[in-house]
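Engineer: If you scroll down you'll find the structure; I have some questions about it.
The values are calculated or read from the model by the stated rules, or taken from the named source; none is laboratory data. Quick caveat: nothing in here was measured; it's all calculated off a predicted structure. Neighbour counts are summed over all protein chains in view; Cβ atoms, including those assigned to glycine, are modelled from backbone coordinates with ideal geometry.
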Amino acid sequence: MNKFYITTAIDYVNDTIHLGHAFQKIAADVLARYYRITLDKDNVFFLTGTDEYGQKAEKAARLQNITPAELVKKISDSDQKEQDCLNISYDRFIRTTDSDHTETVKEIWKRVQENKDIYSGEYQGSYCEGCEAYYTKEDLVKGKCPVHPTLEIKMIKEQNYFFKWTKYKDFLIEHIKNNPDFIFPKHRANEMLEFAKNIKDIPISRGNFIWGIPVPNDPKQVIYVWFDALINYLTGVEFLENKKLFEKFWPADVHILGKDNLRWHALLWPAMLKSANIALPKTILVNGFLNINGQKISKSVGNVIHPSQWVGKYGTDTVRYYLLRYTNLTDDSDISEEKLLQAYNADLANGLGNLVARVAKLCEKVTLKPSPIPVFSENYKKEIEDFKFNEVLEIIWNEIRILDQQINTAEPWKIKDQKKLTQVLQSTVDGIVCIAYELKPFLPETAEKIEEQFKGPKITSGKSLFPRI
RNA sequence: GCCAGGGUAGCUCAAUGGUGGAGCACAGCAUUCAUAACGCUGCGGUUGUGGGUUCGAUCCCCACCCCUGGUACCA
């Protein structure tokens, strides 16, 4: 691999992102930072952003008596702030209302149309405005949407443009079967294969609202949000404006997204790309959801926590560490503030923080040479490239333990001979520098602080990295 | 109902057809370079239930129960 293009899901602007979304951004950030080290900064592109069109945004704006544009700007800005407080190192924060995105979507529409995969048809069905989707009668629960039981289902009949999804059914099934790395984790692929069997053509335009990208040559219709949103991955690397950049980074190496978005990414998106004659992404990485204290994160439960709330109390790297170490990326995990605190004291304060503090203090008596530049071990690389972030952190914390043991055995505070003391501490500091290097993708701020403190030749103790709470 | 994943120490998770492992938490010892921190020792489990195969099963097979996810549909 000589380049790495990673994207996250773009978040819909009905509300500011919470810890569940943040978890996915952090995972993406780890990969981006890792590949920036191994492949070089210029060869990595990391895209994230917000999904802003659609009926829900239009309606929400009307309720607040502001324009849709004002509303989506507000939420998009606050999403971006949430990501910034987590140190998410995106190269571009895309908004689907960006002008270059509009142009890209129109271009893809035209290509798909030229390939005869768009046709006009009449659609009649039960429509849920919450889902922005049609339901069959059978899908409804007591006449209401299973996801939004409080909303009225509307019978809508309209002239729409349809995408010939069925044309790609066999292709999709073959692609998923022939590319075991296409969907990760694997069992998600089975789900998609099941669904693919029953693919039907879907309407990809809407005529009953206006907050969207107009259909080329038919301004009465706007393009369906999913059709528009997926294309952001092309816009992100300047599909239209910058051929060189696009050709360098496309196809995307990893699309990371929540399990709720899998169907669109695994089945609709590849069909769209195939139709437009564009290469398919390599890996779709599906992340699980977070529960808080055993409960789903939801507004109605009232347990929504925004990243900035925990970051404000405990710091960016604490939140990153806790989520990366004590959750499963691909399964649902349960988190709590209590467990975060436990992880903070046990691992960050007593473990990493204390090790750094004790060694820095010991080093005040000696002058050391700069440590050699570390490299990632094969084991480290394998685990991180397989998305097993908790395993990598376990490797690192084991190294911390070993260093602590070695210090206890060597008892440098008792060593009188300056030469021998220097020798012992040199090897300890080399170990710490190595740990800092390995921490870079995970705890960038902390890694940088440690590197700065131990770059020599004079090392002095500084402020605690993680004071006990 | 069907498909997939899972059920191992209080918690988070490893492991293997041959007397069950780690970290956290808890208790004790020791120690002071360090953030009442580090280290060492200990406590802690009929590996969801019941059968079967085997000299031997936590691992393989069968049935069942529970959890998670996906999905179908008819009365």
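Engineer: Based on what the data block shows, is A:ILE156 aliphatic (A, V, I, L, M) and under 25 Å from A:TYR123 (Cα atoms)?
Structural biologist: Yes, satisfied.
Engineer: If you go through the range A:1-53, how many residues are outside any helix (DSSP H, G or I) and of a type in the set (D, E, K, R)? Don't jump to the end; show me each part of the working.
Structural biologist: In the first step, residues of the range A:1-53 are kept if they are outside any helix (DSSP H, G or I); the result is A:1-18, A:39-40, A:44-53.
Filter once more, keeping what is of a type in the set (D, E, K, R): A:3, A:11, A:15, A:40, A:51-52.
Residues in the range A:1-53 being outside any helix (DSSP H, G or I) and of a type in the set (D, E, K, R): 6 in total.
Engineer: Would you confirm whether any residue within the range A:351-364 is more than 30 Å from A:TRP250 (Cα to Cα), in a loop (DSSP other than H, G, I, E, B) and in the same structural domain as A:THR409 (by TED's automatic domain parsing)?
Structural biologist: Yes; the residues of the range A:351-364 include at least one that is more than 30 Å from A:TRP250 (Cα to Cα), in a loop (DSSP other than H, G, I, E, B) and in the same structural domain as A:THR409 (by TED's automatic domain parsing).
Engineer: For A:ASN303, only one of the following conditions fails: (1) free of Cβ contacts under 8 Å to residues at least 60 places away in the same chain; (2) of a type in the set (S, T, N, Q); (3) within 12 Å of RNA strand B (Cβ to nearest atom). What is its number?
Structural biologist: Here A:ASN303 meets the rest and fails (3).
Engineer: Out of the range A:415-425, which residues are surrounded by fewer than 17 Cβ atoms within 10 Å (Cβ to Cβ) and assigned to a helix (DSSP H, G or I)? Walk me through how you get there before you give the answer.
Structural biologist: To start, the set of residues in the range A:415-425 that are surrounded by fewer than 17 Cβ atoms within 10 Å (Cβ to Cβ) comprises A:416-420, A:423.
Across the range A:415-425, the qualifying residues are A:GLN418, A:LYS419, A:LYS420, A:GLN423.
Engineer: Going by the conditions given, is A:LEU368 assigned to a loop (DSSP other than H, G, I, E, B), within 16 Å of RNA strand B (Cβ to nearest atom) and within 16 Å of A:PRO441 (Cα to Cα)?
Structural biologist: No: the conditions fail for A:LEU368.
Engineer: Please go through the range A:198-236 and give me each residue that is surrounded by 14 or more Cβ atoms within 10 Å (Cβ to Cβ), assigned to a loop (DSSP other than H, G, I, E, B) and out of contact with any helix residue (DSSP H, G or I) (no Cβ under 8 Å at 6 or more places or on another chain), ordered by number.
Structural biologist: The answer is A:GLY207, A:TYR224.
Engineer: So, in the range A:333-351, how many residues would count as being within 20 Å of A:PRO412 (Cα to Cα) and more than 7 Å from RNA strand B (Cβ to nearest atom)?
Structural biologist: Looking only at that region, the number is 0.
Engineer: Next question. If a residue has to be at pLDDT below 80 and within 31 Å of the chain's Cα centre (by Cα) to count, how many in the range A:93-139 make the cut?
Structural biologist: Summing the residues that are at pLDDT below 80 and within 31 Å of the chain's Cα centre (by Cα) in the range A:93-139 gives 10.
Engineer: Let me ask another. Would it be correct to say that A:ILE210 is within 28 Å of A:GLY54 (Cα to Cα) and away from RNA strand B (no atom under 16 Å from the Cβ)?
Structural biologist: For A:ILE210, the condition - within 28 Å of A:GLY54 (Cα to Cα) and away from RNA strand B (no atom under 16 Å from the Cβ) - is met.
Engineer: When only residues in the range A:294-304 that are surrounded by 13 or more Cβ atoms within 10 Å (Cβ to Cβ), out of contact with any helix residue (DSSP H, G or I) (no Cβ under 6 Å at 6 or more places or on another chain) and of a type outside the set (S, T, N, Q) count, which is modelled with the highest pLDDT?
Structural biologist: A:VAL304
Engineer: Every residue in the range A:344-372 that is in contact (Cβ under 8 Å) with a residue 24 or more places away in the chain and of a type in the set (A, V, I, L, M, F, W, C), please.
Structural biologist: A:LEU348, A:ALA349, A:LEU352, A:LEU355, A:VAL356, A:ALA357, A:VAL359, A:ALA360, A:LEU362, A:CYS363, A:VAL366, A:LEU368
Engineer: Identify all residues within the range A:377-430 that are closer than 21 Å to A:VAL254 by Cα, within 12 Å of RNA strand B (Cβ to nearest atom) and basic (Lys, Arg); write none if there are none.
Structural biologist: The one that is closer than 21 Å to A:VAL254 by Cα, within 12 Å of RNA strand B (Cβ to nearest atom) and basic (Lys, Arg): A:LYS388.
Engineer: Could you grab me the full set of residues in the range A:150-197 that are within 16 Å of RNA strand B (Cβ to nearest atom), exposed (fewer than 13 other Cβ atoms within 10 Å of the Cβ) and not in a helix (DSSP H, G or I)?
Structural biologist: Within the range A:150-197, A:PRO180, A:LYS197 meet the criteria.
Engineer: Is it the case that A:VAL392 is surrounded by 14 or more Cβ atoms within 10 Å (Cβ to Cβ) and either among the small types (Gly, Ala, Ser) or modelled with pLDDT of 95 or more (or both)?
Structural biologist: Considered against the rule, which asks whether it is surrounded by 14 or more Cβ atoms within 10 Å (Cβ to Cβ) and either among the small types (Gly, Ala, Ser) or modelled with pLDDT of 95 or more (or both), A:VAL392 comes out as no.
Every residue, every condition in (1) polar (S, T, N, Q); (2) out of contact with any strand residue (DSSP E or B) (no Cβ under 6 Å at 6 or more places or on another chain); (3) more than 30 Å from A:LYS458 (Cβ to Cβ), yes or no:
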{"site": "A:TYR322", "(1), (2), (3)": "no, yes, yes"}
{"site": "A:ASN328", "(1), (2), (3)": "yes, yes, yes"}
{"site": "A:ALA343", "(1), (2), (3)": "no, yes, yes"}
{"site": "A:ALA360", "(1), (2), (3)": "no, yes, no"}
{"site": "A:VAL366", "(1), (2), (3)": "no, yes, no"}
{"site": "A:LYS369", "(1), (2), (3)": "no, yes, no"}
{"site": "A:PRO374", "(1), (2), (3)": "no, yes, no"}
{"site": "A:ASN379", "(1), (2), (3)": "yes, yes, yes"}
{"site": "A:ILE384", "(1), (2), (3)": "no, yes, yes"}
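Engineer: I need the full set of residues from the range A:57-96 which are touching a Gly at 6+ places or on another chain (Cβ under 7 Å) and part of a helix (DSSP H, G or I), in order please.
Structural biologist: none
Engineer: List, please: which pairs have Cβ atoms under 6 Å, are six or more places apart or on different chains, and start with a residue in the range A:448-469 that is under 10 Å from A:ALA436 (Cβ atoms) and end with one that is hydrophobic (A, V, I, L, M, F, W, C) and more than 10 Å from RNA strand B (Cβ to nearest atom)?
Structural biologist: From residues that are under 10 Å from A:ALA436 (Cβ atoms), the pairs are A:ILE450/A:ALA436; A:GLU451/A:ALA436; A:PHE454/A:VAL429; A:PHE454/A:ILE432; A:PHE454/A:VAL433.
Engineer: Identify all residues within the range A:371-389 that are modelled with pLDDT under 90 and over 23 Å from the mean Cα position of the chain (by Cα); write none if there are none.
Structural biologist: Matches in the range A:371-389: A:GLU378, A:ASN379.
Engineer: Do we have any residue at all in the range A:447-465 that's under 15 Å from A:ASN354 (Cα atoms) and among the aromatic types (Phe, Trp, Tyr)?
Structural biologist: Looking for residues that are under 15 Å from A:ASN354 (Cα atoms) and among the aromatic types (Phe, Trp, Tyr), one finds at least one in the range A:447-465, hence yes.
Engineer: Name the single residue, out of those in the range A:449-469 being charged (D, E, K, R) and in a loop (DSSP other than H, G, I, E, B), that is farthest from RNA strand B (Cβ to nearest atom).
Structural biologist: A:LYS455
Engineer: Another question about this same structure. Looking at the range A:325-340, can you tell me whether even one residue there is farther than 30 Å from A:LYS420 by Cα, of a type in the set (Lys, Arg) and surrounded by 18 or more Cβ atoms within 10 Å (Cβ to Cβ)? Lay out the reasoning, then the answer.
Structural biologist: Kept after step one, since they are farther than 30 Å from A:LYS420 by Cα, are these residues of the range A:325-340: A:325-340.
Now restrict to residues that are of a type in the set (Lys, Arg): A:325, A:339.
Still in the running and surrounded by 18 or more Cβ atoms within 10 Å (Cβ to Cβ): A:325.
The answer is yes, given that some residue of the range A:325-340 is farther than 30 Å from A:LYS420 by Cα, of a type in the set (Lys, Arg) and surrounded by 18 or more Cβ atoms within 10 Å (Cβ to Cβ).
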